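I have placed the structure first, in the form of structure tokens, so that the comments after it can refer back to it.
The values are calculated or read from the model by the stated rules, or taken from the named source; none is laboratory data. What you are looking at is a predicted structure, and each value in this text was computed from that prediction instead of being measured. Ideal geometry is used to build each Cβ from the backbone, glycine not excepted, and the neighbour counts take in all protein chains shown. Protein only, heavy atoms only, side chains kept; ligands, DNA and RNA dropped before computing areas. Shrake-Rupley method; radii C 1.70, N 1.55, O 1.52, S 1.80 Å.
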Amino acid sequence: LCGDLQTQVPFPFSLLCLQVIKCKAAVMWEANKPFSIEEVEVAPPKAHEVRIKIVATGICRSDDHVITGGLVMPFPIILGHEAAGIVESVGQGVTSIKPGDKVIPLFVPQCGECNGCLSTKGNLCSKNDIGSAAGLMPDGTTRFTCKGQAIHHFIGTSTFTEYTVVHESAVAKIDPAAPLEKVCLIGCGFSTGYGAAVQTAKVEPGSTCAIFGLGGVGLSVVMGCKAAGASRIIAVDINSDKFAKAKELGATECVNPKDFKKPIHEVLIEMTGHGVDYSFEVIGRTETMAAALACCQYNYGVSVIVGVPPAAQKITFDPMLLFTGRTWKGSIFGGWKSKDSVPKLVADYMKKKFALEPLITHTLPFTKINEGFDLLRTGK
């Protein structure tokens with residue numbers, strides 16, 4: 001087959017003789033169960049696809065939302081979406097990436113052709129698999145099998161595996177000198193939080209901000225607010241153990257809602273006199289989304305939803321909160337156009353414009369992924 005193809009297509013022989021790779025992956029067979037380390041088969045990349053050797057992957061709360069049912073996806077599935085790796089092979093027609101390139105997979109692709117990509121107002125490419133949750137490649141098939149069973153992809157990335165396949169529109173080539181075990185955070189957590197402040201909210205110098213939730217994404221919002229010149233950055237979390245790190249990264253004050261008998265939005269309004277200029281919900285809970293909106297200045301306050309909303313839940317709120325002039329916004333991947341912005345963010349990290357090291361609390365071998373999720377769930 002390879003010989004026949006070689007006579008028809010002017011491609012190097014090595015690109016066409018691609019093999020199935022057998023490797024380890026953390027398979028989630030069903031909800032609310034531990035990951036199972038399995039041997040999986042990873043098919044070669046088809047046209048306009050890229051197969052990547054994953055070097056480092058982060059654990060994100062969004063992965064856990066799938067496990068608990070807060071984010072509905074089909075099972076069995078290989079989760080993971082915050083990673084960095086090295087291109088192993090490419091499919092026919094791939095021009096922007098070559099084997100050996102260091103890359104970051106993109107859970108928000110950038111096809112460059114749809115309304116979202118062509119508009120200067122947004123960044124959510126229509127080719128994303130977040131809304132449809134099909135768990136498949138764009139052609140409607142999967143590249144993973146295990147024990148003879150097809151395994152679903154997760155939002156076009158699936159990084160809890162030694163090798164993965166992504167579409168060419170869902171991968172960004174980065175600086176070959178970048179440390180993959182650190183810049184993997186630019187694949188989701190850092191970019192999502194930092195961008196929510198500087199890109200989506202467009203925080204202004206001298207402003208007052210409140211951040212609900214101090215995980216990796218929330219701390220990245222703190223960093224973004226500081227970089228934008230906010231004068232007051234109020235960090236809100238029910239886990240006071242997170243306050244020291246928040247202050248290290250730029251928070252000016254820290255508040256634990258458990259320390260008060262009144263609703264937290266009232267506490268924040270009293271602290272500021274009129275409410276904050278910008279608030280960010282970085283947890284994914286409807287109650288805190290409503291509180292973040294309510295704590296904004298009543299006329300020009302901006303509240304940004306950054307945490308993934310839980311499935312099948314609705315928010316009930318007083319429409320007067322918006323009628324008086326507040327703005328309620330959502331932010332996905334920090335508002336960045338992924339393929340364009342990720343290489344620039346990596347370059348900024350290499351120029352020491354921001355630090356990623358404070359966001360990394362633990363480094364574990366891949367086989368201890370369940371321990372990693374235990375650390376996430378206990379707020380460590």
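Being more than 26 Å from the chain's Cα centre (by Cα), touching a residue at least 24 places away in the same chain (Cβ under 8 Å), more than 20 Å from SER191 (Cβ to Cβ) and not in a helix (DSSP H, G or I) is the requirement here; does HIS274 meet it? For HIS274, the condition - more than 26 Å from the chain's Cα centre (by Cα), touching a residue at least 24 places away in the same chain (Cβ under 8 Å), more than 20 Å from SER191 (Cβ to Cβ) and not in a helix (DSSP H, G or I) - is met. Annotation: of all residues in the range 255-270 being in contact (Cβ under 8 Å) with a residue 24 or more places away in the chain and closer than 24 Å to VAL198 by Cα, the one that is least open to solvent (accessible area, probe 1.4 Å) is LEU268. Within the range 246-254, none of the residues are among the basic types (Lys, Arg), more than 17 Å from the chain's Cα centre (by Cα) and closer than 21 Å to THR327 by Cβ.
Which one is most open to solvent (accessible area, probe 1.4 Å), of the residues in the range 68-82 that are farther than 11 Å from PHE154 by Cβ and either of a type in the set (Gly, Ala, Ser) or in a helix (DSSP H, G or I) (or both)? That would be THR68. Taking the condition assigned to a helix (DSSP H, G or I), closer than 24 Å to SER119 by Cβ and open to solvent by 60 Å² or more (accessible area, probe 1.4 Å), does ASP340 pass? Yes; evaluated as a whole, the condition is true for this residue.
Assess whether VAL108 counts as being surrounded by 13 or more Cβ atoms within 10 Å (Cβ to Cβ), at pLDDT 95 or above and assigned to a strand (DSSP E or B).
No.
In the range 214-229, is there at least one residue being over 22 Å from the mean Cα position of the chain (by Cα), modelled with pLDDT of 95 or more and not acidic (Asp, Glu)? Among the residues of the range 214-229, at least one is over 22 Å from the mean Cα position of the chain (by Cα), modelled with pLDDT of 95 or more and not acidic (Asp, Glu), which makes the answer yes. Looking at the range 143-251, the helices (runs of 4 or more DSSP H) lying wholly inside it that each contain 3 or more residues that are under 21 Å from VAL304 (Cβ atoms) and touching a Leu at 6+ places or on another chain (Cβ under 9 Å) sit at 189-195, 216-227. Across the range 118-133, not a single residue is classified as open to solvent by less than 20 Å² (accessible area, probe 1.4 Å), in the same structural domain as HIS48 (by the TED database), at pLDDT 95 or above and not in a loop (DSSP other than H, G, I, E, B).
Please find, among SER240, SER220, SER231, the residue that is buried (at least 17 other Cβ atoms within 10 Å of the Cβ) and of a type in the set (S, T, N, Q).
SER220
Name the residues in the range 304-337 that are outside any loop (DSSP other than H, G, I, E, B), open to solvent by less than 50 Å² (accessible area, probe 1.4 Å) and without any contact (Cβ under 8 Å) to a residue 40 or more places away in the chain, would you? Residues satisfying the conditions are ILE305, LEU321.
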